[in-house]
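Following: one structure in structure tokens, then a few remarks.
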Amino acid sequence: MKKFHIITSQVEHKAMLETCKHLEKLGWANVTYLPVDKFGMVSVTDIENATTEHTVLVSIMYVNNEVGTIQPIKEIGNLLIKLNKRRTVNHEPRILFHTDATQAIQYLDCNVDRLGIDFLSLTGHKIYAPKGVGALFVRSGTPLIRQMDGGGQELKLRSGTENVPYIVGLGKAVEVSAKCKVQRVKSIRSLQKLLISRILQFPGVKLTGHPIKRAPHIVSFVVNNVEGEALVLMLSAAGIMVSTGSACTSNSLEPSHVLTAMGVSAELSHGSVRFSLGKHTTEKEINDAVRIFEEIVQKLRLMAPQI
Amino acid sequence: MDKLFNSLYSKKVMDHFLKPRNMGVIKDPSGQAIVGNPRCGDVMKFYIKVGKDIKKGEYLKDVKFQTLGCGAAIATSSMITVLVKGKPLKEAEKVTKKAIAEALGGLPAIKMHCSVLADEGLKKAIENYRKKS
């Protein structure tokens with residue numbers, strides 16, 4: 001059987017990576033997992049160089065969920081439009097473009113025509129819609145087989161009785177977030193700047209992800225000589241919820257695949273921390289969080305042996 | 001408190017993590033040892049002060065630790081010092097990872113390796129003392 005070729009990146013969400021691994025295991029696809037630079041960014045040239053006559057799909061996330069880096073989605077879209085023109089002449093399959101826009105939908109331009117996107121996936125729980133509902137945009141005329149057999153709901157692509165309240169909730173959330181996008185991006189961006197500038201004043205702390213091309217709601221750092229799970233637990237006890245890519249919190253005891261792909265050492269990955277901002281975040285909360293964060297980092301560093 | 005971590009760690013683990021016992025340095029210790037490495041994320045250092053007693057023989061007059069690591073690493077370090085402080089060396093070095101985990105009301109399976117590090121660290125500190133004396 002002829003194997004399809006898929007191009008994705010090493011920093012995708014597990015939802016993408018595990019699906020690709022499964023297709024490889026079934027023997028249906030060859031997958032290229034593109035590396036990223038130190039900011040977590042995929043190179044458009046790498047995508048072009050990775051394409052083969054068998055390539056059918058490029059799937060790159062819009063915003064990385066761990067470090068907030070915005071991928072060059074529009075540039076990738078333009079590249080594929082250019083390549084597909086040539087491929088049509090050569091009778092090669094068109095390369096389709098999927099983006100996981102979970103972290104982008106409420107803050108960034110998600111106009112699928114402008115970006116040259118064939119598939120766009122999103123989820124409700126990041127945009128104040130109910131948990132457990134998501135959506136996949138499929139450009140009309142795009143070949144797609146059904147995900148499950150059954151009663152033929154959702155254009156025969158995904159059988160199963162629709163959860164109407166959740167679907168309405170998701171629709172409304174998208175509508176609301178589109179309406180206040182500009183204002184919300186502005187206010188969250190200014191809180192993000194405040195949080196980053198304050199925390200970078202501490203010794204032994206480095207920003208992860210792109211310094212400018214990053215989504216407004218994600219702030220991520222690595223803190224040396226501190227272990228992330230201990231930091232998460234102590235911040236949680238003080239009422240601040242953050243997450244970490246420390247190996248100690250993963251079931252595999254491996255550090256974050258995203259930070260590893262960015263070239264962050266295992267030592268530093270242990271001290272990774274991510275703050276997420278939202279529409280309810282206030283300047284006072286940022287100032288309180290910075291103060292408590294500093295106290296806890298100092299406390300944990302005092303507990304650590306000098307090597 | 002975060003429910004996720006409440007279910008991950010027992011109350012006792014959280015107590016020892018948030019209020020570690022015998023944390024710090026012994027200046028001029030009888031023995032000391034460092035175990036683990038920063039690549040794995042956990043580093044523990046144990047300091048012991050050995051005393052002599054007619055009844056007990058050589059015993060741990062004082063034990064202190066410093067730990068860089070996760071909640072379980074800090075809690076197991078703290079708990080082992082509580083378990084062995086005042087105990088004869090021969091008894092102290094017999095403390096098993098299982099005993100530490102049990103004293104903490106259990107540890108998640110994936111975190112058992114942290115207590116392996118604590119009992120190894122203490123044993124090495126005792127070894128270090130024996131080599132010196």
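Could you work out how far helix A:228-237 tilts from the main Cα principal axis of chain A, as a 0 to 90 degree angle to the nearest 10?
The angle comes out at about 70 degrees.
Enter the Cα centre distance for the pair segment A:136-179 and segment A:97-114, rounded to the nearest angstrom.
The distance from the Cα centre of segment A:136-179 to that of segment A:97-114 comes to 16 Å.
Evaluate the distance, in nm, between pseudo-label points positioned 7 Å from the Cα of A:GLU295 and of B:GLU102 along their respective Cα→Cβ axes.
3.8
Give the angle, between 0 and 90 degrees and rounded to the nearest 10, that separates the Cα long axis of helix A:164-179 from the longest principal axis of the Cα atoms of chain A.
70
Could you check the spin-label model distance between A:GLN147 and A:THR52? Points 7 Å from the Cα along Cα→Cβ, value in nm.
2.9
Mind listing which GluC sites (Glu not before Pro) in segment A:86-185 are in a DSSP loop and have 12 or fewer other Cβ atoms within 10 Å?
Passing sites in segment A:86-185 are A:GLU162.
Between A:ARG189 and A:ALA237, with labels modelled 7 Å along Cα→Cβ, what's the label distance in nm to one decimal, could you check?
Taking the two extended label points, one gets 3.9 nm.
Based on alpha-carbon centroids, what's the gap between segment A:1-77 and segment B:79-133 in Å, whole number please?
47
Taking the alpha carbon gyration tensor of chain A, what are the square roots of 5 times its eigenvalues, largest first, to the nearest whole Å?
Each semi-axis is √(5λ); the values are 36, 23, 18 Å.
When chain B is modelled as a GNM with alpha-carbon springs shorter than 10 Å, which of B:THR96, B:THR81, B:THR67 fluctuates the most?
Per the Cα network of chain B with a 10 Å cutoff, B:THR96 tops the list.
In peptide A:223-235, what is the residue-averaged number of other protein chain Cβ atoms found within 10 Å of each Cβ?
Counting other chains' Cβ atoms within 10 Å and averaging over A:223-235 gives 5.
If the elastic network links every pair of Cα atoms under 10 Å, which of A:VAL164, A:VAL56, A:VAL232 fluctuates the most in the Gaussian network model of chain A?
It is A:VAL164.
Can you pull out the GluC sites (Glu not before Pro) in segment A:24-95 whose DSSP state is coil and whose Cβ has at most 11 other Cβ atoms within 10 Å?
Those that pass, being in a loop and sparsely packed, are A:GLU53.
Taking the Cα atoms of segment A:148-307, report the difference between the largest and smallest coordinate on each principal axis, in whole Å and largest first.
Over segment A:148-307, Cα extents along the principal axes are 64, 39, 30 Å.
Calculated from DSSP H runs of 4 or more alone, at -39500 (n - 2.57) each and per residue, what is the 222 nm mean residue ellipticity of the protein assembly as shown, nearest 500?
-12000 deg cm²/dmol
Rounded to the nearest 5, what % of DSSP beta bridges with both residues in the protein assembly as shown are antiparallel?
65
Once phi is turned into θ = phi - 60°, what whole-Hz ³J(HN,Hα) does the Karplus curve with 6.51, -1.76 and 1.60 give for every residue of segment A:34-40, x standing for Gly and Pro?
3J(HN,Hα) across segment A:34-40, in whole Hz: 6, x, 10, 7, 5, 9, x.
Looking at chain B, which Cys residues are left with no other cysteine's beta carbon under 4.7 Å from theirs?
If one checks each Cβ against the other cysteines of chain B, B:CYS40, B:CYS114 turn up with nothing under 4.7 Å.
Output the lone cysteines of chain A: those with no second cysteine's C-beta under 4.7 Å from their C-beta.
If one checks each Cβ against the other cysteines of chain A, A:CYS20, A:CYS110, A:CYS180 turn up with nothing under 4.7 Å.
DSSP loop (so not H, G, I, E, B), at most 14 other Cβ within 10 Å: list which chymotrypsin sites (Phe, Trp or Tyr not before Pro) in segment A:1-95 pass both filters.
Listed in order of number, the matching sites are A:TRP28.
List, in the order given, every pair from B:LYS64/B:LYS90; B:LYS56/B:LYS85; B:LYS12/B:LYS85; A:LYS131/A:LYS279; B:LYS19/B:LYS87; A:LYS74/A:LYS156 whose Cα-Cα distance in the structure shown is over 20 Å.
Those over the limit are B:LYS19/B:LYS87; A:LYS74/A:LYS156.
Given springs between every Cα pair under 10 Å in a Gaussian network model of chain A, which of A:LEU235, A:LEU26, A:LEU268 has the largest fluctuation?
Fluctuation is largest for A:LEU26.
Taking beta carbons within 10 Å but only from partner chains, what does the mean come to for residues B:61-72?
For peptide B:61-72, the averaged partner shielding equals 5.
Through the Karplus equation 6.51 cos²θ - 1.76 cosθ + 1.60, θ set to phi - 60°, convert the phi angles of segment B:55-61 into ³J(HN,Hα) values in whole Hz; use x for Gly and Pro.
Karplus values, whole Hz, x for Gly and Pro: 6, 7, x, 6, 9, 7, 6.
Taking each residue of A:295-306 in turn, how many C-beta atoms of other protein chains fall within 10 Å of its C-beta, and what is the average?
If you average over the peptide's residues, the count of other-chain Cβ atoms is 4.
Any idea what angle helix A:181-199 forms with the longest principal axis of chain A, computed on alpha-carbon atoms, 0 to 90 degrees, nearest 10?
Tilt of helix A:181-199: around 40 degrees.
Values in this text are rule-based calculations from the coordinates and carry no lab data. Here the structure is a predicted model, which is why all the values come from computation and not from measurement. No Cβ is skipped: glycine too gets one built from the backbone with ideal geometry, and neighbour counts run over all protein chains shown.
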